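Notes follow the structure.
The values are calculated or read from the model by the stated rules, or taken from the named source; none is laboratory data. Fair warning: this is a prediction, and the values are worked out from it, not measured in the lab. Heads up, the Cβs are rebuilt from the backbone with ideal geometry, glycines too, and the neighbour counts pull from every protein chain shown. Surface accessibility is based on the protein's heavy atoms, side chains included, excluding ligands, DNA and RNA. Shrake-Rupley method; radii C 1.70, N 1.55, O 1.52, S 1.80 Å.
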Amino acid sequence: MSPSVPLQEMIRAIRSARTQCEERGVIQRECAAIRAQFRQSDNGGRSHNLAKLLYVHMLGYPAHFGQMECVRMIASPRYSEKRVGYLGAMMLLDEKQDASLLITNSIKNDLSHSNQYVQSLALCTLACMGSAEMCRDLAPEIDRLLQSSNSYIKKKAALCAVHIVRKVQDLGELFVPAARSLLSEKNHGVLHGAVVLITQLCERNPETLKRFRKVCLVWFFLQTVPDLVQIMKGLIISGYSPEHDVSGISDPFLQVRILRLLRILGRNSESASDAMNDLLAQVATNTDSTKTVGNAVLYETVLTVLDIKSESGLRVLAVNILGRFLLNSDRNIRYIAMTSLQKIVGTDHNAVQRHRGTIVDCLKDQDASVKRRALELSLALVSASNIRSMIKELLLFLSSCPPELKAQATSGIFIAAERYAPSKRWHIDTILHVLTTAGGDVRDETVPNLIHLITSASELHCYTVHKLYRALLTDISQQSLVQVACWCIGEYGDLLLKGECQETEPVQVSEDDVLDALETVLQSHMSSSATRGFALTATMKLSTRITDNVDRIRSIVSIYGSCIDVELQQRAVEYNALFKKYDHMRAAVLERMPLIEKNNSGNANGEATRETLTETNSSRTAQEERVPPPPQQQPAKQTYDLLDLLGGASEPLQQSPAAQTLPIITSSSAGGDLLDLLGGLEPTPGPVTPAPSATVYEKDGVTLTLSCEQQSDSSLAVTLTATNASQSDISGFTLQAAVPKSVQLNMNAPSRDSLPAQGAAQLTQLVMLNNPNKVNLKMRIRISYTRQGSAFQDMVQVDSLPGLGAAGHT
Amino acid sequence: MMRFLLLFSRQGKLRLQKWFTPITEREKKKIIRDMTTLVLARQPRSCNFLQWKDLKIIYKRYASLYFCLAVENQENELLALEVIHRYVELLDKYFGNVCELDIIFNFEKAYFILDEFLMGGEIQETSKQMVNRSIEASDMLQEVRCTGTNAHPDLNHTRSIVISHVVFICLFAGVGILKRLGFWCFTKQ
């Protein structure tokens, strides 16, 4: 057994190790020695062995074998060993370790020790790592100590009580009387502890309070407001007290805590807020703000004033203090000023607007934290009157902005521009500017939003397409910009080729130039697959807008007919078909698009597919309400039919050049209830006439019959009836149905959801089917129910529906 | 409430860690890594406040040590700066012109001082003198109660203070006795 070295020797040895390997060697030797020492019985060097172990632990090496030694040392009668033992307990044991329960008894004994320093060790350890059980056990002890005469112990007991209340909320009631009486102490340490305890009691979690049906203690502690005001006044007015003075402020720590407690008490109480008004005004005006301490107290005062029901003069004073902070040369002060202004920008908007200039200047600050705060605050300050200058500043900021703030900045600029744009042209310019500077960090919805904006600004088509064309020529790396540019060139290519434009300098663009540009996009490896799709479609659209190079377009399109990318291949093949077989339809299909209705439910079809609408007015704004479709007129595409087991997932693009419609969602299903097959649209009432029915499912006494009735040329009413002939009741009976892709399904609510035994009652459910394409109607039905506590599920396929004469098998 | 206090050197070596909430060892290691990377990457004259997850981080550099304190969102950051400063002052008073080596070789003392100043994530004692007095008294208690030849080998200077005090007292006592003897001699004569 190697002799153990003193602690400092060991530290020196570890520090002088030149490599990690050497250090590990030293530590392993030491740990072995320590373990051997632990196994020996009591010797004088136990405390410094544990200290060595704690040092090793701090370096990051495992030290769990010291846990039991900590427990033993805490129980030792020697103070030096207790001290190190408790330190070890705080470092090595936490409430998740089993060994922590073993020290509960030692702590209990030490809490009643005759020596106050031993008591303080126990209190400190309990406050640091006391688990909920330990807290429950020892709470009465702590309460007793709160009433002792020793102020040293009292202050520690108060903070221990704070920890107990945090861990076990319902023990708070135990400490209420003691907390109240502690406020009359003179000792600052005890006062501070008392204020913290009362704050903790008032801040208790409201859900926990509701659960234990306890009352919120804020009303109880409102009676302490005059005392707190008195104490604060004493601190401010009193002369120099050497014990608590920090740069001229008397006990700033206590002042700040009292201000925080006053904030909590005055938050919802008019009378309490009135009682504090004078005091807060006094603190705000008298506190010296040249040093950080003074500013800390002022800051807390400002937060309190803004949070309670203060009078307006006081609020103005508070905002002015924040304004002064903004001009302070110290970055920290500016940072916290902006943080506080952020909190009140909603309520005191005008007051904050006065400082807009300074805030915008902070955007140019070197420091990343200050920049972030300035950005958030600037975005909140944008309004209709200052939109132009603010966006100018923000765009400037965007060009030199740190990458982690780019996404936030772009989305903020877009939202602000959308809300307050003074003119469409300005709006488009702004979006284009953002796309060119930070196109990689914009959200996906930007492309359809921008396209919608462009189409609605019909007088600016010429200007827009020229600008976008120029942008495309300079840089094709920003995907969103390229996508929009391609789309515009496709749509308004004729305006581009005409060359004349009032708003920008005219530039002569030939058809070859345009096709070259689009081909570059198609062939560039920087373009994503979606971008290529845009470019191909744009090329196709140009075939009706240009006159000379239609053959070139045909060749481009046919090349992509064998592209590896399936999406592009499909498009190219369809366009080829459009050239070959449907040339007579080409002009009509590729003509200028009408105004797109903005679908606000975040339709995932972000690409500008060719979509036409029902009759829309051209003056629709982006935030219009959705119109419920007339029932049988509009075959709405079932993009949300996830249980479509007979056709796979639906593709995002339309299959054929035939016009497809946008799914117009009614407000009832706007929540995106994708799996709601039991009642999406309003149920159309249909009389259930007796119709030929067939039994489609029969098992375990559960029978399902199906009967159909043709309502009109393409719609069908199917009635499902379920009965239970078995001996036991069935509950939670649900039916789900799936149909082929082009058929629409609409399930009404079932008549009941439980089936009592022996056919006492039956369940009916009406299903409306709409089959415009007259495909073979098949249906797959999933049945699920619970019987005698166990769940059951089954599926049945119906290949031919009874009552449909013409429907045959495939 | 404060969540944790970390002290680390410019090279990222941890010198002191105090956790005020129960966290697993793994989490602790991760937090230490995150903190050292975040704080050491900051520019020299930048703001002392950071936002990290849902906590505010206040850090300050004193000589070769970074003091990093994490507080909850409703705390006052400027006051947290003052807390760090107060702790440094306490260390300075105790060790006399404290430097990083003092904290390395006497880390348990640094913890004891911290435990007299902060407790359960809150400030315990707002008066510097009170904290110093408590530390000195605990140290003296430790010395007095230390029995056997294997006494604490790490000499702290309070021990030397005690010894020097005792010597002084003996001297004074001796002088007093001599004086009295002299007086007696005088009067006797």
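At a glance:
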{"read-out": "Those lysines that a straight Cα-Cα span of less than 20 Å connects to A:LYS774, excepting residues fewer than 8 apart in one chain", "value": "A:LYS637, A:LYS741"}
{"read-out": "Summed buried accessible surface, chains B and A, 1.4 Å probe, nearest 100 Å²", "value": "6300 Å²"}
{"read-out": "Computed accessible area, A:HIS244, all protein chains, 1.4 angstrom probe, square angstrom", "value": "20 Å²"}
{"read-out": "Inter-probe distance in nm under a simple model that places probes 7 Å from Cα toward Cβ, at A:THR734 and A:LYS108", "value": "5.2 nm"}
{"read-out": "Solvent-accessible area per residue for the stretch A:270-399 (1.4 angstrom probe, square angstrom)", "value": "40 Å²"}
{"read-out": "Listed residues A:TYR492, B:TYR66, A:TYR420 arranged by accessible area, highest first, probe 1.4 Å", "value": "A:TYR420, B:TYR66, A:TYR492"}
{"read-out": "HN-Hα J in Hz across the stretch A:245-252 - Karplus 6.51, -1.76, 1.60, θ = phi - 60°, x for Gly and Pro", "value": "7, 10, 6, x, 9, 8, 6, x"}
{"read-out": "Within the accessible area of the stretch A:512-560 (1.4 Å probe), percent carbon and sulfur", "value": "49 percent"}
{"read-out": "Placed amide H near B:ARG3: partners under 5 Å, 5+ positions off or other chain", "value": "B:ALA70, B:VAL71, B:GLU72"}
{"read-out": "For A:THR290, solvent-accessible area (1.4 Å; no DNA, RNA or ligand), Å²", "value": "110 Å²"}
{"read-out": "Accessible area expressed per residue, the stretch B:1-158, with surrounding protein chains retained (probe 1.4 Å, Å²)", "value": "40 Å²"}
{"read-out": "Additional length obtainable on full extension of the chain from A:HIS584 to A:ASP278, 0.36 nm per residue less Cα span", "value": "101.6 nm"}
{"read-out": "Probe 1.4 Å - accessible area at B:TRP52, Å² to nearest ten", "value": "30 Å²"}
{"read-out": "Virtual spin-label span in nm between A:ALA749 and A:ARG592, 7 Å along Cα→Cβ", "value": "4.9 nm"}
{"read-out": "At least 10 Å² accessible surface lost relative to isolated chain, residues of the stretch B:69-101 (1.4 Å probe)", "value": "B:GLN74, B:GLU75, B:ASN76, B:GLU77, B:LEU78, B:LEU79, B:LEU81, B:GLU82, B:ARG86, B:LEU101"}
{"read-out": "Derived scalar couplings ³J(HN,Hα) [the stretch A:155-169; Karplus, 6.51 cos²θ - 1.76 cosθ + 1.60; whole Hz; x for Gly, Pro]", "value": "5, 6, 5, 4, 5, 5, 4, 4, 5, 5, 5, 5, 7, 10, 4"}
{"read-out": "The stretch A:115-168 - percent of accessible surface contributed by carbon and sulfur, probe 1.4 Å", "value": "43 percent"}
{"read-out": "Under-5 Å amide H pairs with A:ALA737, H placed in peptide plane, nonlocal only", "value": "A:ARG782"}
{"read-out": "Residue-wise HN-Hα coupling along the stretch A:704-712, computed from phi with Karplus coefficients 6.51, -1.76, 1.60 (Hz; x: Gly, Pro)", "value": "10, 10, 10, 9, 10, 9, 7, 8, 8"}
{"read-out": "Violating pairs (Cα-Cα greater than 22 angstrom) within the set B:LYS13/B:LYS109; A:LYS156/B:LYS109; A:LYS371/B:LYS28", "value": "A:LYS371/B:LYS28"}
{"read-out": "Distance in nm between pseudo-label sites at A:ILE237 and A:ARG24 (7 Å out along the Cβ direction from Cα)", "value": "6.8 nm"}
{"read-out": "Length released on extending from A:ASP516 to A:ARG324, taking residue separation times 0.36 nm less the Cα-Cα span", "value": "63.3 nm"}
{"read-out": "Residue order for A:LEU522, A:LEU317 - accessible surface, 1.4 angstrom probe, largest first", "value": "A:LEU317, A:LEU522"}
{"read-out": "Per residue, in Å², the accessible surface of the stretch A:711-810 once ligands and nucleic acids are set aside, probe 1.4 Å", "value": "45 Å²"}
{"read-out": "Which of A:GLU404, B:GLU143 is most accessible, then next, and so on - probe 1.4 Å", "value": "A:GLU404, B:GLU143"}
{"read-out": "Filter on A:LYS392/B:LYS30; A:LYS364/B:LYS18; A:LYS155/B:LYS56; A:LYS108/B:LYS93; A:LYS96/B:LYS56; A:LYS364/B:LYS56 - keep pairs with C-alpha separation over 30 Å", "value": "A:LYS392/B:LYS30; A:LYS364/B:LYS18; A:LYS108/B:LYS93"}
{"read-out": "Chain-alone versus full-assembly comparison, the stretch A:301-339, residues with accessible loss of at least 20 Å² (1.4 Å probe)", "value": "A:ARG331, A:ASN332, A:TYR335, A:ILE336"}
{"read-out": "Accessible-area composition of the stretch B:44-91, carbon plus sulfur, in percent [1.4 Å probe]", "value": "51 percent"}
{"read-out": "Amide H within-cut-off set for A:VAL798, under 5 Å, with H built and near neighbours excluded", "value": "A:MET779, A:ARG780, A:ILE781"}
